[in-house]
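The values are calculated or read from the model by the stated rules, or taken from the named source; none is laboratory data. Only a predicted model underlies this, so the values are computations on that prediction, with no experimental measurement involved. Every residue, glycine among them, receives a Cβ derived from its backbone with ideal geometry; neighbour counts consider all protein chains shown. The area values use the complete protein model at the heavy-atom level, side chains included, leaving out ligands, DNA and RNA. Shrake-Rupley method; radii C 1.70, N 1.55, O 1.52, S 1.80 Å.
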Amino acid sequence: MSLSGKNAIITGSNSGIGLGIAQELAKLGVNVVLNSFTDRDVDHALAAEIAKDHGVKARYIGADMSKGDDCRRLIEEAGGCDILINNAGIQHVAAIEDFPAEKWDAIIAINLTSAFHTTAAAVTGMRSNGWGRIVNIASAHGLTASPYKSAYIAAKHGIVGLSKTVALETATDPITCNALCPGYVLTPLIDSQIPDTMKEYDMTREEVIKNVLLKRQPSKEFATIEQLAGTVAFLCSDSAAQITGTTISVDGGWTAL
């Protein structure tokens, strides 16, 4: 079965991984809804560009993923959701005793609780339509841990557990739910942080990439946005119809250690 004509909502998708997934699905004929918390002309222009390039329907809906009502409004306003990609996420790094409570609350809300709200709002329609795909963007940190990232790791472990639970609840429906667990990906956000890290450690760019960012990634190569987007497209395909409730690692061997 072709994905052409299906409707996808991708949270946190006006840049980086989310945008790459939206573009890949649009190439396959999927109508896409982009999302972030902003509501700028450039956001709507991104959607218009995707629609023009791929001959699909594409729109941008601003919604704050830290707010449950906004999460559910996104699904309702989109008017149909065959494919749900829960991608929105933020990060903060600090020791547990110094971790700001407001940062903890925001990370849990955006990285985990938003997926509960969007999934709860979307799954009834998927059942009614007789088909659905849910892909939650977790992380290698959904399967392992690092210091100073307590909220992020708690949220990503939660996303893995949520994915398993939703998969069991929809196991007798033609709906799948899985968690994608990337290692380090060279997104614009990560790339912008490299110069500061170079200064902090007095390293070259290449040294920062190999010895700091990719220290735990055995391949010593970034996963790419295109690789992640292709994996998402596979999970939405008929070939993956019996893949549900699991994690797919795209991490250069990180979680094999």
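Couple of notes before you dig in:
- Span-like helix ranges in the chain, DSSP H, alpha carbon extent 27 angstrom or more, Kyte mean at least -0.5: 150-169
- Percent accessible area from carbon and sulfur atoms, the chain, protein chains only, probe 1.4 Å: 53
- Alpha-carbon centroid distance for the pair region 1-65 / region 80-101, whole angstrom: 20
- For the chain, the number of Lys pairs separated by eight or more positions or lying on different chains, with C-alpha atoms closer than 20 Å, is 14.
- Between residue 201 and residue 255, the modelled label-to-label distance comes to 2.4 nm, taking each label 7 Å out from Cα in the direction of the beta carbon.
- Between 31, 14, 211, the Gaussian network model of the chain with springs among Cα atoms under 10 angstrom shows the greatest mean-square fluctuation at 211.
- Of 42, 160, 232, the one that fluctuates the most in a GNM where the chain has Cα springs shorter than 10 Å: 42
- Think of a 1.4 Å ball rolled over the protein heavy atoms: the chain then has 47 Å² of accessible area per residue.
- Taking every alpha-carbon pair under 8 Å whose residues sit at least 6 apart, region 86-197 reaches a relative contact order of 31 percent.
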